[in-house]
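First the structure, in the form of structure tokens, and then the observations on it.
Nothing in this text is a laboratory measurement; each read-out follows from the coordinates by a stated rule. Predicted model, so just to flag it, every value in this text is computed and none were measured. Glycine also receives a Cβ, built like all others from the backbone with ideal geometry; neighbour counts cover every protein chain displayed.
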Amino acid sequence: MSKKRYPIRVPRYAAGIRAQEPRSGVGRCWWTRRWRAILEGMGLRARLGRGRNYAVSGQVVSMEIEGNEVRARVQGTRPEPYGVKIVFRAPEGEARSRIVSALRSEPMFVARLLADDLPTEVEAIFRAEGYDLFPGGRIDGGETAPGAPRRYDMTTSCSCPDYANPCKHSSAVLLVLGEEVARRPSTLLELRGIEMEELYDED
């Protein structure tokens with residue numbers, strides 16, 4: 001009995017955002033290594049590999065960050081690019097106020113963030129309030145029971161027909177987003193709904 005053959009589906013050419021890693025040195029900072037390790041630990045497997053191919057070849061046509069939401073368009077095999085949306089859990093209420101106050105009380109932390117450097121203490125400030133600075137943290141903060149669905153603190157959605165979530169298109173966006181975080185680590189705060197302007201006085 002012969003094996004069923006499936007056609008090879010090649011995405012359409014797109015002159016979009018081309019991921020540079022590993023050709024550049026963006027992976028040398030600790031926060032980029034953490035971002036990559038988290039994605040690799042999310043069980044994406046082949047989808048992450050295909051997403052990496054999409055990211056490197058420029059299939060991510062556009063990407064915009066607005067508050068704790070990321071919206072992107074990724075060119076696949078169909079004529080119209082797929083729409084990808086990623087929403088990060090942002091601190092709210094008193095927890096958010098305490099995070100902002102803690103950061104404002106450390107001018108050196110703010111100065112380093114403005115210089116595109118990320119102090120490790122910033123991650124601890126978020127964790128003290130029950131929030132993660134990086135993606136992929138579990139909402140309940142504990143281990144997931146065997147067979148139970150993982151509850152990550154970000155949600156991904158894509159207009160493609162793939163049943164998997166995150167799909168390869170969302171994975172490509174997460175990889176491109178990781179390079180933006182590598183260049184500008186304050187993006188991590190922005191993804192949690194905190195703008196740099198809140199952390200310092202401009203007058």
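Observations
- Built from the Cα atoms of region 29-78, the convex hull projects on average onto 4.6 nm², one quarter of its surface area.
- Cα-projected label distance for R183 with N165, points at 7 Å along beta-carbon direction, nm: 3.0
- Cut-off 13 Å, label 7 Å out along Cα→Cβ of E195, residues of region 67-81 by amide N: 67-68
- The spacing between region 151-203 and region 69-118, judged by their C-alpha centroids, is 6 Å.
- Placing pseudo-labels 7 Å out from each Cα toward the beta carbon at A37 and A115 gives an inter-label distance of 2.5 nm.
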